[in-house]
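Input: a single structure, listed below in structure tokens.
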Amino acid sequence: MTSHAEALEGHQEPQDGSNRLQSVLGRDTEGLYGHTTPRIHTPLNDLPSRGLELVDLASEISIELMPWQKFFLEHSHKVLPNGRWASPVVVGCVARQNGKSFLMQLRILGGLFLWKESLQIGSAHTLSTSLEQFRQLVSLIEGSDYLAKQVKRIRWSHGSEEIETLHGTRFIIKAGGSSARGVSKPETIHLDELREMTDLESFASLRYTLMAAKNPMIISYTNAGDAASIVLNQFRQRAMQAIGGAKDDIGYFEWSAPTDEVSLENAAYSNPALGITIHPDNIRAVFNDPPDVVQTEVLCRWVQSIQSCVDSSKWAACSEPDFDLKEDELTWLGVDLSPDRKFAALVGAQKLGNETFGVKLLHTWENPLQLDDKAIANDLAVYARKYPVEHVLYSRRTSGAVASRLAPAGIPTFDMDAAYPQACDEMLGAINSGRLRYRPNPELTAQMLSAVQLRRGDGGWVIGRRASSTAVAASVATALVTHFATRPETDLDIMVG
């Protein structure tokens with residue numbers, strides 16, 4: 001992996017940018033600047049780079065690039081002796097509003113006007129994002145006589161926007177799904193906000209159009225993602241293996257904070273435009289936003305789920321390493337299966353007194369084809385006999401087959417479908433108030449932080465099993481046991497007067 005010293009290599013304070021920022025804002029910028037070089041990157045080399053031609057193009061249209069942008073362009077466009085790209089797959093990962101969108105626009109201009117690439121495709125997860133990029137690209141062209149006089153036509157047609165030059169080169173936009181199928185031999189594909197690409201079908205529809213290209217390249221521009229960012233996560237894994245010595249020609253450049261500490265100094269690693277186009281006060285202003293959003297958008301760090309209904313800091317505060325279930329205390333067991341029947345989890349809960357209760361992930365099951373409900377029931381029965389269980393709580397929709405095998409064995413079961421929305425709300429309230437305690441378990445934490453809130457009716461919600469990016473059977477089971485573990489000891493829970 002990249003060392004801390006390597007991550008800092010090349011850091012410098014940009015002279016032009018810092019002076020411009022101070023003159024615009026008319027105040028001291030505290031002398032804190034973003035780091036020029038990425039904290040994590042694949043091995044660099046001494047090959048010649050065509051990225052410097054893009055730097056010159058930016059100057060031609062009167063735009064001065066920031067140092068980090070020059071670094072990215074230079075090292076992402078190295079050329080082999082045979083003229084092919086040294087890194088045919090490139091990923092630039094940096095926090096929001098640091099100028100990565102302009103890098104994409106500049107690279108498109110390079111392909112259109114410098115390198116005569118026959119066809120380029122720009123794609124984002126939504127058409128509106130692609131259209132906004134297209135408008136900005138057209139604005140750059142129209143603002144430069146040097147570029148505008150080389151344009152043959154600009155086509156504005158919803159979902160089929162296109163720029164064609166007098167050289168016969170073209171740029172078109174496609175958004176999501178399999179919309180690129182049938183496109184003939186693009187040379188370069190630009191993937192904006194790669195973290196939003198959550199299925200391989202969309203990527204494959206673009207990736208394999210390059211098979212007949214003379215010198216293909218895929219460039220993706222993104223910030224950090226979560227467990228659902230399938231394509232980005234695979235690229236990052238390849239990069240880490242390349243950093244470790246594996247043979248791979250991917251080019252990966254990640255500006256990200258080294259820790260999850262919410263501070264300006266930490267954010268300087270993920271915001272290379274800090275002190276140039278981003279004022280420190282603008283970053284400080286968002287530090288109290290939802291933690292997972294700050295982690296991804298500002299610190300460029302991966303989280304389990306950007307849309308998690310459980311706050312990661314609140315969940316961490318509920319950890320109690322010494323907690324364990326007692327074999328002589330009243331216990332509730334919750335079992336749940338994923339909708340595809342490939343994953344299942346069993347959670348136990350007991351009251352601790354003073355309105356608190358503890359939960360423990362007791363067992364998980366996994367099968368790449370489909371779980372066996374009989375095997376789950378047999379394993380669950382062991383725990384049902386170990387602890388004095390009042391009920392095994394389940395959902396008829398997912399775990400009905402398991403429950404039907406427990407009842408004949410004399411193990412009490414309780415269908416929670418009717419109380420499920422209330423149970424989810426009770427669990428979230430218990431976490432936020434610190435009344436829930438749990439024995440630390442990486443799998444339980446991963447599933448809790450992957451749970452996505454699915455709205456129902458006027459204010460109601462549940463943990464969406466299908467809406468969540470990964471299996472969340474453990475978080476659902478935790479909600480089920482919470483319903484009974486938070487029952488008042490008496491019929492009178494609140495007394496007035």
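Quick notes on this structure:
- Ordered from largest to smallest accessible area (heavy atoms of protein chains, 1.4 Å probe), the residues Asp289, Asp145, Asp417 come out as Asp145, Asp289, Asp417.
- Projecting the Cα atoms of Leu346, Gly275, Phe113 onto the dipole axis of the chain, where Lys and Arg carry +1 and Asp and Glu carry -1 at the beta carbon, places Phe113 farthest toward the positive end.
- Calculated FRET value between Ala204 and Lys342, using beta carbons and R₀ = 22 Å, to 0.05: 0.45
- For a straight C-alpha distance cut-off of 23 angstrom, the lysines reachable from Lys214 (same-chain residues fewer than eight places away being disregarded) are Lys78, Lys116, Lys174, Lys185, Lys247.
- Percent carbon-and-sulfur accessible area, the chain, ignoring ligands, DNA and RNA, probe 1.4 Å: 48 percent
- List Glu265, Glu161, Glu390, ordered by accessible area with a 1.4 Å probe, largest first: Glu265, Glu390, Glu161
- Compactness index (Cα Rg / 2.2 N^0.38 Å), the chain: 1.16
- Largest first and in whole Å, the equivalent-ellipsoid semi-axes of the range 285-395 read 32, 22, 10, each the square root of five times a Cα gyration tensor eigenvalue.
- Rg to Rh quotient for the range 80-168, alpha carbon positions, Kirkwood Rh: 0.97
- Ser157 sits with roughly 40 Å² accessible to a 1.4 Å probe, with DNA, RNA and ligands left out of the calculation.
- Taking every protein chain into account, the accessible area of the chain amounts to 45 square angstrom per residue (probe 1.4 Å).
- The charge dipole of the chain, taken about its Cα centre with unit charges on the Cβ of Lys, Arg, Asp and Glu (plus for the first two, minus for the last two), comes to roughly 1620 debye.
- Radius 11 Å from Cβ of Ala242, net charge of other residues (Lys, Arg +1; Asp, Glu -1): +1
- Taken over the Cα atoms of the range 198-317, the convex hull encloses 144 Å³ per residue.
- Note on Ile61/Asp249: beta-carbon distance plugged into 1/(1 + (r/R0)^6) with R0 of 22 Å gives a FRET efficiency of 0.10.
- Expected-Rg normalisation [2.2 N^0.38 Å, Cα atoms] applied to the range 211-269: 1.40
- Rounded to whole numbers, the Karplus 3J(HN,Hα) couplings from phi for the range 214-225 are 6, 8, x, 8, 10, 10, 10, 10, 7, 10, 4, x Hz, using 6.51 cos²θ - 1.76 cosθ + 1.60 with θ = phi - 60°, and x at Gly and Pro.
- Sparse-neighbour loop sites [trypsin sites (Lys or Arg not before Pro); the range 414-486; at most 12 other C-beta within 10 Å; DSSP]: Arg466
- Cα-based convex hull volume of the range 266-327 per residue, rounded to whole Å³: 109 Å³
- Accessible surface of Val286, taken over heavy atoms with a 1.4 Å probe and every protein chain present, rounds to 40 Å².
- Heavy-atom accessible area ranking, 1.4 Å probe, most first, across Arg107, Arg405: Arg405, Arg107
- Computed accessible area, Leu47, all protein chains, 1.4 angstrom probe, square angstrom: 50 Å²
- Farthest toward the positive end of the dipole of the chain, out of Ser87, Pro321, Tyr420, is the Cα of Ser87, where the dipole comes from beta carbon charges about the Cα centre.
The values are calculated or read from the model by the stated rules, or taken from the named source; none is laboratory data. None of the values given here were measured: they were computed from a predicted structure. Cβ coordinates were reconstructed from backbone atoms using ideal geometry, including for glycine residues, and neighbour counts include every protein chain displayed. SASA here: full protein model, heavy atoms, side chains in, ligands and nucleic acids out. Shrake-Rupley method; radii C 1.70, N 1.55, O 1.52, S 1.80 Å.
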